[in-house]
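Heads up, the thing below is written out as structure tokens.
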Amino acid sequence: MEADNSKQPERKSLDDRNRMTELERLRHSCAHVMAAAIAKLWPDAQFAAGPAVENGFYYDVELEHRITPEDFAAIEAEMKKEIKANRPFEKVIVTREQAMKDAQSGRLGALGERNISSKFKLGNLADIPEGEAISYYKSGDFIDLCAGPHVMRTGNIGAYKLTSVASAYYKGDEKNPQLQRIYGTAFKNKTELEAYFKMIEEAKRRDHRRIGAEMGLYVIDTEYVGPGLPLWLPKGGEIVEELEKLAKETEFQAGYVRVKTPHIAKEVMYKTSGHLPYYAESMFPPMELREGAGEVSKNRVAGPAGTEEAPIKYYLKAMNCPHHHRIFAAEPRSYRDLPLRLAEYGCCYRYEQSGELFGLMRVRSLNMNDSHIYCTPEQFAQEFNAVNEMYLRYFKIFGIEKYVMRFSTSAPEGMGKKYVGEPELWKQTEDMVRQVLIDSKINYVEVPNEAAFYGPKIDVQVWSVIGREFTLATNQVDFAVPKRFGLTYRDRDNTDKTPLCIHRAPLGTHERFIGFLIEHYAGNFPLWLAPQQVRVLPVTDDQIDYAKGIAKELRSQFVRVDMDVTGDKIRGKIQKAETEKIHTMLIVGGREQESNAVAVRVHGKGDQGVKPRTEVIADILQAIKERRP
């Protein structure tokens, strides 16, 4: 049983529950049916929480019996009985006193009375705010503390399957008891369920960790370097360089200027930005030292005349924006200087929890395609729309056909707490972003209460060719932090004003985006992006010199090319190149040499015929230049 160290999802607000989709309600209902089945098989089971999650549901349970996949058939058989019985989900509103009494008697998360205190339900009750309604949901003999909503009857649950079991701490806190977490998924019908598992199998085949290892793209050396800190191998480094080249060319044409910033900064930087203390858990611990001495101190250091002064704290950079704000502040600015677009592929460091690290998708060092655009309110719409248009151009290059802009806004109850307490500015900037999205006819959904603390944001959700969803990048509006840093520009009326700041990262990070691309292409990268673009394959030793001439000509044009001059037969050379996912193979035998031609083979597409050498080289160079899919 693997450990699941992810935290339990936060308790949803009433509005969030009302927005629960039909599929989420079905899955949450299926979680209850699963719990009822487990309670029938093991009456001593103690249940914690059973939410719907991405792609399914789970229930946390404390049970002396260790549930394994071998138990799934028995659990699913009991679930089938509950669903066939078509029992209604009945909602019951109770007082807090009644709920406490029922939890103490063991009535909740159980099949009727059992006189075993439902200790986890007592803990869950404590999380419900005073004044909020408390409800149970009952189906057959099973009753549980739950805010809902559910489907009308158990018979509305279509096709389902249990998938895995893990261990998880109650409420995600390692100080709490460790429970068994049983996962499953559910869909409206068997056809959708089967399609989902086909997609899962294809996703396993495309897993970026497996393909990355097979292709020699990156390695994570936990012994000497540390978990979540990828080392890019030469082939992976080529992909990194190509993506950075694409970003630099695109941004240069769009009027961006490039900057470089350090990997560390003083504590005052992040206190001014507002990231400390609120973001401290996601940052590496500070380094403490005395300025100028280079002496590391774990506590305090001696100051002049024997006095003690606090050491200066430095943090590894967790985000680029504060550094860019200081670059803006480095010289006086006028409205004539705006918009100012500062761009950097900056390396940031975030202390992700070890249980959340996942290949390239969740790492601790991130090379971010970052930029900050400082503009006037009048310039905002054009700049924000230009960023969105840049996303669309990238989607076309990478063959991303399905996407949505997830527009996250604030909520009144979070003002001054979760969000900067500027209600008027929030309304103004949210209206501006919304209007840009409407005017540009970009596909978007609006999600309340998920904005950044300093302003509304857009998260770019994309789907790979097999239908897997990824959060690719972000586009955020910041009306608060520039003011904290005292950033101003001299306006036309000769007064100082604070600029708006747009945070944007169209390609996200090298790490996450390359992880996405590996799975999107299944490692079969287009020619311009392929780590190894061309391999020349002489049929016999007699063609080696001719092959060398072709390779030299391609290399002079910066094409990533090599040769296979081993003693293998040509069929073996081709098979090896196909296995290594070499994009284009140029096969040269006696006939090709005599006619100054090559036989072209493309990975995954097979033979392309014999063509003149000059024509082939010209086509390769043009395909790379155009970044053809």
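Taken together, the values in this text are just the output of simple stated rules run on the coordinates, not laboratory data. Please read all numbers here as calculations on a predicted model, not as lab measurements. Here Cβ is always computed from backbone atoms with ideal geometry, including for glycine, and neighbour counts include all displayed protein chains.
I'd like to know which of 537, 527, 595 lies farthest towards the positive end of the charge dipole of region 518-629, counting +1 on Cβ of Lys and Arg and -1 on Cβ of Asp and Glu. The residue sitting farthest along the positive end of the dipole is 527.
Please rank 539, 602, 588, fewest neighbouring Cβ atoms within 10 Å first, as an exposure proxy. All intermediate terms of the calculation are to be shown ahead of the outcome.
On the way: 539 18, 602 14, 588 26.
Fewest-to-most Cβ neighbours within 10 Å comes out as 602, 539, 588.
Of 198/581; 198/569; 235/548; 171/417, which ones are farther than 27 Å apart at the Cα? In this structure, 198/569 exceed 27 Å between Cα atoms. Spin-label model, residue 579/residue 62: points 7 Å from Cα along the beta carbon direction are separated by 5.3 nm.
Taking the radius of gyration and the Kirkwood hydrodynamic radius from Cα positions alone, what is the Rg/Rh ratio for region 223-273, to two decimal places? Don't jump to the answer; show the numbers that get you there.
Working: Rg = 16.1 Å, Rh = 14.4 Å.
On the Cα set of region 223-273, Rg over Rh gives 1.11.
The residues 232, 42, when put in order of fewest to most other Cβ atoms within 10 Å, stand as 42, 232.
Which length gain, in nm to one decimal place, applies between residue 98 and residue 465 when the Cα-Cα distance is subtracted from 0.36 nm times their residue separation? Numbers along the way, then the final one.
On the way: separation 367, 0.36 × 367 = 132.12 nm, distance 5.14 nm.
Length difference between fully extended and current span is 127.0 nm.
Residue separation of residue 570 and residue 173 scaled by 0.36 nm, minus their Cα-Cα distance, works out to 137.0 nm of gained length.
Counting only Cα atoms, region 586-629 measures 32, 22, 10 Å along its principal axes, largest extent leading.
Plugging the Kirkwood radius over Cα pairs into Stokes-Einstein for region 39-144, at a temperature of 25 °C and a viscosity of 0.890 mPa s, what D comes out in µm²/s?
Numbers: Rh = 14.9 Å.
Result for D is 164 µm²/s.
Kirkwood's formula applied to the C-alpha pairs of region 366-499 gives a hydrodynamic radius of 16.1 angstrom. Each peptide in 469-479, 508-518 was scored by the mean count of other Cβ atoms within 10 Å over its residues; highest first, the order is 508-518, 469-479. Of the trypsin sites (Lys or Arg not before Pro) found in region 419-508, the ones in coil according to DSSP and having at most 15 other Cβ atoms within 10 Å of their Cβ are 441, 492. Computed over region 534-626, the quotient of the alpha carbon radius of gyration and 2.2 N^0.38 Å is 0.97. With coordinates expressed along the principal axes, the C-alpha atoms belonging to region 2-192 extend over 44, 32, 30 Å, beginning with the largest. Quick note on the chain: its Rg to Rh ratio, both from C-alpha atoms and Rh being the Kirkwood radius, is 1.03. The share of alpha-carbon pairs in region 117-229 lying farther apart than 21 Å comes to 66%. Taken along the Cα-to-beta-carbon direction at a fixed 7 Å, the label points for residue 279 and residue 41 span 4.5 nm. Taking only the C-alpha atoms of region 205-248, Rg followed by Dmax gives 11.7, 34 Å. Full extension of the segment from residue 130 to residue 382, taken as 0.36 nm per residue of separation minus the current Cα-Cα distance, would add 86.1 nm.
Counting only Cβ charges, +1 for Lys and Arg and -1 for Asp and Glu, the dipole size of region 131-214 around its Cα centre is about 240 debye. Compute the FRET efficiency between residue 605 and residue 202 as 1/(1 + (r/R0)^6), taking r as their Cβ-Cβ distance and R0 = 22 Å, and round to the nearest 0.05. Rounded to the nearest 0.05, the efficiency is 0.65.
For the chain, the Cβ-based charge dipole about the Cα centre amounts to some 600 debye (Lys, Arg positive; Asp, Glu negative; other atoms uncharged). Each semi-axis of the equivalent ellipsoid for region 442-545 is √(5λ) with λ an eigenvalue of the Cα gyration tensor; in descending order they amount to 46, 21, 10 Å. By the rule of a C-alpha distance below 26 Å, with chain neighbours fewer than 8 residues away ignored, the lysines paired with residue 84 are 40, 138, 161, 188, 190. If R0 is taken as 22 Å, the Cβ-Cβ distance between residue 331 and residue 397 corresponds to a FRET efficiency of 0.05.
Rounded to the nearest 5, the antiparallel percentage of DSSP beta bridges internal to region 2-192 is 95%.
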